[in-house]
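Notes for the one structure printed next.
The values are calculated or read from the model by the stated rules, or taken from the named source; none is laboratory data. Quick caveat: nothing in here was measured; it's all calculated off a predicted structure. Cβ placement follows ideal geometry from the backbone for every residue including glycine, while neighbour counts extend to all protein chains displayed.
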Amino acid sequence: MKIFSPPTANAGAYSVVVDKANDLVWVSEHKVDKIARFDPKTEEWVEFPLPEAQSDPRRIDIDPTNPNRIYFSGNTAGRVGFVEVLPLDEMMMSEAPGQSRRALPAGQG
């Protein structure tokens with residue numbers, strides 16, 4: 001057995017879903033308000049900070065019509081949202097150098 005830990009220590013990994021089409025693993029990190037993606041082929045993690053503190057993402061699921069969109073629900077009332085990962089070419093056009101990837105509230109992407 002091999003264990004892969006997310007880059008943020010004590011992140012509170014809570015829920016895991018596997019994107020079988022793209023061979024990726026998604027994890028909710030409820031203690032640090034992030035959604036993480038793990039690529040088992042490269043053993044690389046990418047964390048996506050959520051835009052609001054105390055989003056407390058717990059349950060996650062992959063949008064069946066768009067595998068780049070991961071929905072989450074939080075433990076706090078009224079906390080439902082999604083992270084959508086843009087294709088690399090779109091991401092490079094919309095992201096300034098030195099900025100980290102960031103999840104946007106629905107409708108602001």
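Tabulated data
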{"read-out": "Which listed residue, of 21, 53, 36, is within 25 Å of residue 87 (Cβ to Cβ) and in a loop (DSSP other than H, G, I, E, B)", "value": "21"}
{"read-out": "First in segment 13-34 and over 15 Å from residue 68 (Cβ atoms) and without any contact (Cβ under 8 Å) to a residue 40 or more places away in the chain, second anywhere and acidic (Asp, Glu) and not in a loop (DSSP other than H, G, I, E, B), Cβ under 8 Å, 6 or more apart", "value": "13/29; 29/47; 34/47"}
{"read-out": "Residue satisfying all of: in segment 56-109; farther than 21 Å from residue 29 by Cα and of a type in the set (A, V, I, L, M); modelled with the highest pLDDT among these", "value": "88"}
{"read-out": "Members of segment 42-61 that are over 19 Å from residue 18 (Cα atoms) and in contact with a Ser or Thr (Cβ under 8 Å, 6 or more places away or on another chain)", "value": "49, 54, 55, 56"}
{"read-out": "Any pair with Cβ under 8 angstrom, 6 or more apart, that starts in segment 68-84 at a residue that is over 19 Å from residue 23 (Cα atoms) and ends at one that is modelled with pLDDT of 90 or more and not in a strand (DSSP E or B)", "value": "74/30; 75/30"}
